[in-house]
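Engineer: First the structure, which I've put down as structure tokens, then a few questions once you've had a look.
The values are calculated or read from the model by the stated rules, or taken from the named source; none is laboratory data. Keep in mind that this is a model prediction, so the values were computed, not measured. FYI the Cβ positions are ideal-geometry reconstructions off the backbone, even for glycines, and counts take in every protein chain you see. The protein model used for the area step is the full one, side chains on, heavy atoms only, and it has no ligands, DNA or RNA in it. Shrake-Rupley method; radii C 1.70, N 1.55, O 1.52, S 1.80 Å.
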Amino acid sequence: MIHSQFKRVSSLIQQGWIVSTMLLVFQGVRSEEGERPSFLFIIAEDMSPNLGCYGDPDARTPHLDAFATRSIRYTQAFSATGVCATSRSSLITGMHPSSIGTQHMRSEVLLPTSIQPFPAVLRKAGYYCVNRGKEDFNFTTGPEVWDDKQWKTADWTRKAEGQPFFAIYNFFDTHESRLWEGSKTRILDQEKLTSQQQHDPDKVSPPRWLPDSASVRKEWARHQDLISMMDDQYIRPLLKRLERTGVSDDTIVFFFSDHGAPFPRGKQWVTDAGTRVPLLVHFPEKWQHLAPASPGTVSDQLVSLMDLGPCVLNLAGLEVPEQMDGQAFLGENTPAPRDKLVFIRDRMDERIDFIRTVSDGRYRYTRNFMPQVPSFPWLTYMEQLESSKAFRQLQETRNEGRFESFLAQSKPKEELYDLSVDPDEFTNLADDPDHREVLIKLRGALADWMLETRDSGFLSEQQLSTAEAVAGSVYEYCADESLYPLKKLVAGRLSLTDESAVVRYHAALRSRDAEALSARLAGETDFDVKAAIAWSLLEIGVEKESALSALENVITSDQVYSRVLALNVLDCVDESAEPLLPVLEKIAAQEETRETINECWLAKRILNQFP
């Protein structure tokens, strides 16, 4: 789904989405003067609630802690996914990534004309909208979305006199890459790290979901240093700038991160650690009448980052688009609070997967639709972390301990954790008879959600690309049951001879009928179904020559996502890949471009496992 042009612009112009920056008629007057509030999103990267106000023992964040006393602090706020681009696509559209096809890290999809990033709605209502720093939405925004999106210079001060604004300020020096040995910050001045802000690796308290080693402690201390510097060098001056430019009394400020902390079992994973985020919302006195509670209140309401767009629209007195999955929890006439949230994990960099998790706040149920993929697959980018290396050392020395399930070569089909007694998610209760009722309830809730939101995750990524070409967008394709038989897929009514390639794909992934798989392989035309059949045959241990021939056919095809799938298969089947080493050497030697980087990484990984 790589596109060189954004095809929706002309359609949007025809629909009146691009308007003058000053719209004189405001609907839904929000104050005696007929004004509307301005909004500022301050978004940190890769950060769990690692602030003093959340009780983190290592946190040294006096400015955000003080800000929390003037704000509402949410303790049950979550991202829709555990990684930046997919999470941000959800934030800016108010949609589940799996509803619009943005669930893979990274990709480039087209949105249907009926779905707009919510700043486009604000601009239509006369708001000045800016994004400073990265977008990273897995789709390209058109000119209807922002007045300014310059990386370093976009700013609210360019708005017209009296015009309300919406601004996103992205802070990226808490990003995973800043933990690499020798890495340098781009916004923060590391030379200004004071002794009071600096964390002694011997005295920090890494979470229990990480190994406790000297290297991990050093990395955790570095992460805490970055958060302390952010608090002092970024948050403090930015809040002061609101005051200095005379807009602090008019601006509702949100502080949050895009997903959880940048460590294995955190970022990228749909664990509590990977998706729980800090969320502070400050209402100035002028707009306190719109706040659901007084300053300093702590709320345990279950909320998602995809709810923030609907919140802003509601607070501005604008109608929340009906198709949005998010729901407003701020402002007037809000719906009943959520009683559950769903999280997703699909391809992460070079590694395919298909995981859905639902949580009611206490229990967290996970369905692994591809259990043959390890929980901790080799991820070239993340392997640079010392914490990744610590996990690998435990794996190589067979000293997995409490991480045995995480470091195994396959995943259970279902997982269930009671976060009230097991917040780090070590004890899987899926087979516990005492929790059978909870398991069935959450399993059913997930199935209902997949149907309600038309979850596109059953489509392989190559099939997803084809779907977009057929219907104009993934969203529109998946809305049509005749094109996308979701009811059959959710119910598990799968057949290797089904007319739908996506049904055959999942039938092949799950089947252990060697005879039926072999018979289907001979006449199969869909590359991804071929790869899935070959995978199952190699796992069963039969028809190795035919399976490898099929995989070679796929990895030498012109289907980029199919090639990535087939290379994932080869990496999972260990020594079975040896006959294809010459082909893999050619793939590894390619220039690493946006289109080829994942297959290059996979080929190099496979080759490194052979002497």
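Engineer: Let me know the Kirkwood hydrodynamic radius for region 53-172, please, with Cα pairs as the basis and the value in Å to one decimal.
Structural biologist: It is 16.2 Å.
Engineer: Next question, about the same structure. Any chance you could get the radius of gyration and Dmax over the Cα atoms of the chain, in Å?
Structural biologist: In order Rg, Dmax, the Cα atoms of the chain give 24.4, 77 Å.
Engineer: Provide the solvent-accessible area of VAL298, counting protein heavy atoms only and rolling a 1.4 Å probe, rounded to the nearest 10 Å².
Structural biologist: 80
Engineer: Would you report the distance distribution of C-alpha pairs in region 135-187 as whole percents per 10 angstrom bin, up to the bin with the largest distance?
Structural biologist: Reading upward from the zero bin: 18, 39, 28, 12, 2.
Engineer: In nm, give the distance between the simple-model label positions of GLN323 and GLU181, each being 7 Å from the Cα along the Cα-to-Cβ direction.
Structural biologist: 4.9
Engineer: At 1.4 Å probe size, with no ligands or nucleic acids counted, give the accessible surface of LEU521 in Å², nearest ten.
Structural biologist: LEU521 has an accessible surface of roughly 20 Å² with all protein chains in place.
Engineer: Moving to a separate point now. What ranking do 422-431, 457-466 get when scored by the average of other Cβ atoms within 10 Å per residue, highest first? Working shown, then result.
Structural biologist: On the way: 422-431: 15.9, 457-466: 23.6.
Highest mean packing first, the order is 457-466, 422-431.
Engineer: Then there is this: Within the chain, what whole-number % of the accessible surface is contributed by carbon and sulfur, with the 1.4 Å probe and all protein chains included in the calculation?
Structural biologist: Roughly 47 percent, rounded to a whole number.
Engineer: So what's the angle, to the nearest 10 degrees on a 0 to 90 scale, between helix 544-555 and the longest Cα principal axis of the chain?
Structural biologist: Its long axis makes an angle of about 40 degrees.
Engineer: Cα to Cα, under 17 Å, and not fewer than 8 places away if on the same chain: which lysines meet these conditions relative to LYS134?
Structural biologist: Answer for LYS134, where 17 Å is the Cα cut-off: LYS149, LYS152, listed by chain and number.
Engineer: Taking the 0 to 90 degree range and rounding to the nearest ten, how far is the long axis of helix 514-523 tilted relative to the main principal axis of the chain, both from C-alpha atoms?
Structural biologist: Computed tilt is about 80 degrees.
Engineer: Which shape class, rounded, prolate or oblate, goes with region 333-487 when its Cα gyration tensor gives a ≥ b ≥ c as root eigenvalues, a/c under 1.5 marks rounded, and past that a/b bigger than b/c marks prolate? All intermediate terms of the calculation are to be shown ahead of the outcome.
Structural biologist: Values: a/c = 2.17, a/b = 1.26, b/c = 1.72.
The shape class here is oblate.
Engineer: Related question: For LYS159, LYS340, give me the order by solvent-accessible area with a 1.4 Å probe, most accessible first, ignoring ligands, DNA and RNA.
Structural biologist: Ranking LYS159, LYS340 by accessible area, largest first, yields LYS340, LYS159.
Engineer: Let me check I have the definition right: for region 250-368, take the eigenvalues of the Cα gyration tensor, multiply each by 5, take square roots. What are those semi-axes in whole Å, largest first?
Structural biologist: So the equivalent ellipsoid measures 29, 16, 14 Å along its semi-axes.
Engineer: Nearest 10 degrees, 0 to 90: what angle lies between the long axis of helix 527-540 and the longest principal axis of the chain (Cα atoms)?
Structural biologist: Its long axis makes an angle of about 60 degrees.
Engineer: Multiply the residue gap between ASP200 and VAL583 by 0.36 nm, knock off their C-alpha separation, and tell me the result in nm, one decimal place.
Structural biologist: Between ASP200 and VAL583, full extension yields an extra 133.0 nm.
Engineer: Taking only protein heavy atoms and a 1.4 Å probe, what accessible area per residue, in Å², does region 214-275 have with all protein chains in place?
Structural biologist: Accessible area per residue: 26 Å².
Engineer: Another one. With both partners inside the chain, how many of the DSSP beta bridges are antiparallel, as a percent to the nearest 5?
Structural biologist: Details: 25 of 50 bridges.
Looking only at bridges with both residues in the chain, the antiparallel portion is about 50 percent.
Engineer: On to the next question. Once all Cα-Cα distances of region 445-577 are split into 10 Å bins that start at 0, what whole-number percent is in each one?
Structural biologist: Bins of 10 Å from zero give 13, 42, 33, 12, 0 percent of pairs.
Engineer: Let me ask something else. Over region 317-470, average the accessible area per residue using a 1.4 Å probe and give it in Å², no decimals.
Structural biologist: That works out to 44 Å² for each residue.
Engineer: Modelled label-to-label distance, ALA160 and GLU591, 7 Å Cα→beta-carbon offset: nm?
Structural biologist: 4.7
Engineer: Taking a virtual spin label 7 Å from the Cα of ASP249 along the C-beta vector, which residues in region 36-53 bring their backbone nitrogen under 15 Å of it?
Structural biologist: 36-38
Engineer: Let me ask something additional. About the Cα centre of the chain, how large is the charge dipole given +1 on each Lys and Arg Cβ and -1 on each Asp and Glu Cβ? Please answer in debye to the nearest 20.
Structural biologist: Values: 67 positive and 90 negative charges, 185 e Å.
My answer is approximately 880 debye.
Engineer: Report, ordered by chain and residue number, the lysines lying within cross-link reach of LYS389, taken as a straight Cα distance under 27 Å and ignoring same-chain residues fewer than 8 apart.
Structural biologist: Straight-line reach from LYS389, under 27 Å: LYS184, LYS203, LYS218, LYS267, LYS411, LYS413, LYS604.
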